[in-house]
Amino acid sequence: MLKFTLKQLIYVETAGRLGSISKASEELNISQSSITTAIDSIESELGYSLFVRTPAKGIEQTPSGKESMQLIRSFIDQANHFDSELRSVGGDATGSIRIACYATAAPSFLPVILNSFTKKYPGIAITLLEGNMQTIIEFLNVGRADLAFTYDRSVTEKSSFDPLFGAPPYALISVNDPLSYRKQVSLRDLATRPMVMLDLPMTREYFVNLFNLLGLQPDIVHSTRSSEIARALVAGNYGYCILNIRPPDYEPGKSQYVAIPISDDLPIPYFGIATQSAARQPRIINAFVEHCKELRVEGAFEPMTIQ
């Protein structure tokens, strides 16, 4: 039987996640002594140390502490969903949803989903966690997110994946480039030209591999971790960029760049929803996933790509 409270577990999880008792104190708006007491109490009950505490350097999880943090996060997550499930018995789905989203894709498709879902379920609280593909899957695996919007290539064996739409790669080219007048371009056309690389974990490797599949190498002259900066560089005629999801502000004929399909026969990645395969999903998470599938059937995601 547990001899520590949910509140104590939340204190310990926050300190472990932030690697600092003082930062956890600020986030939770409680005293540092309350967090220290919670850590001491749980460590005493467990009979082993969760953290190594170093003055002026914060705290570091022990090997046993790392395993314990995963269990603690899972328990907190289940407790939160239990509260939502209990409140929704006999009524509409309620509670909160924590969504991890691939940051470069979020502005294009999230408004379509969130606007329609919040109209259907106005009482739902939604928390968004943004990051690269590697980060958001980590959010999902450790229980910080209930689901993740990402590409199929980033999903691990711990996750289930529901595809929403195929997103073939396309070239974003300045209107001042002679290639901008074409209806299609090939990677061979692009390989000798300066490239602006969206340089994120798993993303850079994917784009380089597209060229490698055809025995080519891209000429990368600029790299950025921001899709907005990449588009600005293309607009300034510093090079072309390859993307998969249509820019949210793209208007053919009005933008300083054009989005052109790539003619080569390349593998098409799928963008969709990843959830923890071993977890029993609460009612509200299932409702959200089903809503996204309904939007897919209605064709709501078709404008997201260039084909």
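Are there strands (runs of 3 or more DSSP E) fully within the stretch 154-227 with at least 1 residues that are in contact (Cβ under 8 Å) with a residue 60 or more places away in the chain, in contact with a Phe, Trp or Tyr (Cβ under 7 Å, 6 or more places away or on another chain) and over 30 Å from Ala100 (Cα atoms)? List them.
Filter on the stretch 154-227 gives 170-174.
Aliphatic (A, V, I, L, M), at pLDDT below 95 and in a helix (DSSP H, G or I): does that describe Ile136?
Answer is yes for this residue.
Can you pull out the residues in the stretch 7-33 that are surrounded by fewer than 16 Cβ atoms within 10 Å (Cβ to Cβ), small (Gly, Ala, Ser) and either part of a helix (DSSP H, G or I) or in contact with a His (Cβ under 9 Å, 6 or more places away or on another chain) (or both)?
Once the filter is applied, which keeps residues that are surrounded by fewer than 16 Cβ atoms within 10 Å (Cβ to Cβ), small (Gly, Ala, Ser) and either part of a helix (DSSP H, G or I) or in contact with a His (Cβ under 9 Å, 6 or more places away or on another chain) (or both), the stretch 7-33 yields Ser22, Ser33.
On the basis of being charged (D, E, K, R), under 21 Å from Phe165 (Cβ atoms), modelled with pLDDT of 75 or more and surrounded by fewer than 20 Cβ atoms within 10 Å (Cβ to Cβ), does Lys120 make the cut?
Yes.
Test Thr14 against the stated conditions and say whether it is modelled with pLDDT of 85 or more, closer than 30 Å to Phe161 by Cα, polar (S, T, N, Q) and touching a strand residue (DSSP E or B) at 6+ places or on another chain (Cβ under 9 Å).
No; evaluated as a whole, the condition is false for this residue.
Report yes if some residue within the stretch 236-247 is under 23 Å from Asp189 (Cα atoms), at pLDDT 95 or above, of a type in the set (Val, Ile, Thr) and crowded, with 16+ Cβ neighbours inside 10 Å; otherwise report no.
Scanning the stretch 236-247 turns up at least one residue that is under 23 Å from Asp189 (Cα atoms), at pLDDT 95 or above, of a type in the set (Val, Ile, Thr) and crowded, with 16+ Cβ neighbours inside 10 Å.
The values are calculated or read from the model by the stated rules, or taken from the named source; none is laboratory data. The shown structure was predicted, so the numbers you read here are calculated from the model rather than taken from an experiment. Note that each Cβ is placed from the backbone with ideal geometry, even for glycine, and that neighbours are counted across all protein chains shown.
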